[in-house]
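Data block below; observations after.
Values in this text are rule-based calculations from the coordinates and carry no lab data. The model shown is predicted, which means the values in this text are computed figures rather than measured ones. Positions of Cβ are generated from backbone atoms using ideal geometry, with glycine treated the same way; all protein chains shown enter the neighbour counts.
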Amino acid sequence: MIKWLALSSLLFLTACTDPFIGVPGGQLKGEPSPLPESWSSVPDVIQVEFRPSEPYSINIWAVVDGGNIHVATAESKWIPFLEANNLVTVRIDGKLYELQAQKVDSEEDAMSVAAAYTSKYDYEMTGDWKDINAYRLVARQ
């Protein structure tokens, strides 16, 4: 019985394209939507799809800083995806937003994003600001 449950759970997870907790997914589904006039806030967890040619999506913490959504990490599998192609799709509340990621490359901006993470999640980013891989998600150009 336990083997059957484990096998059926694995088949269920691999059949889904949505990310599930820490398991990445594929192409996000939802309602394509125009960008809001402002990002006043975002949920604790959003879904971000990287690598349009072979979609890879994850659940990730996100903050709003300076009116833009930001995602950040010390290290992650998705960083090389952004380096190769900065186009992303974000899903919030079932709506899809087409954005592009811009690396946060100044100490002031990186520290501001880190402070937003600390405020929202009570999580302090440590290390040198250059070790923080923070990305600003903005309208595609």
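Tabulated data
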| item | result |
| --- | --- |
| Mean Cβ count within 10 Å, highest first, over the residues of peptides 97-106, 72-81, 30-39 | 97-106, 72-81, 30-39 |
| Anchor K103: aspartates and glutamates whose Cα lies under 15 Å away (excluding residues fewer than 8 positions away in-chain) | D65, E75, E83, D131 |
| Separation of the E83 and E37 label points, Cα + 7 Å toward Cβ, nm | 4.0 |
| Interchain or long-range residues, amide H under 5 Å from V42's placed H | V64 |
| Segment 69-112 residues near the modelled D44 label - backbone nitrogen below 19 Å, point 7 Å along Cα→Cβ | 70-73, 91-94 |
| Electrostatic dipole magnitude of segment 2-139 [Cβ: Lys, Arg +1; Asp, Glu -1; Cα centre; debye, to 20] | 620 |
| Over the chain, relative contact order from alpha-carbon pairs under 8 Å, at least 6 apart, % | 23 |
| Label of the coordinate-derived value, semi-axes √(5λ) of the Cα gyration tensor in Å, listed as (i) 27, 18, 15; (ii) 37, 19, 15; (iii) 30, 17, 13 | (i) |
| The chain - mean residue ellipticity at 222 nm from DSSP helices (-39,500 (n - 2.57) per run, n ≥ 4, rounded to 500) | -7500 deg cm²/dmol |
| Length gained when the stretch D122-E108 is fully extended (0.36 nm per residue, less Cα-Cα span) | 3.1 nm |
| Cα principal axis extents for segment 55-94, largest first, Å | 25, 24, 16 |
| Dipole of the chain, positive end: most advanced residue of W78, V42, A110 [Cβ charges, Cα centre] | W78 |
| With Cα atoms, 0 to 90° folded angle of helix 2-15 axis to the chain main axis | 50 |
| Farthest toward positive dipole pole in segment 2-139 [+1 Lys/Arg, -1 Asp/Glu at C-beta], among T126, Q100, P32 | P32 |
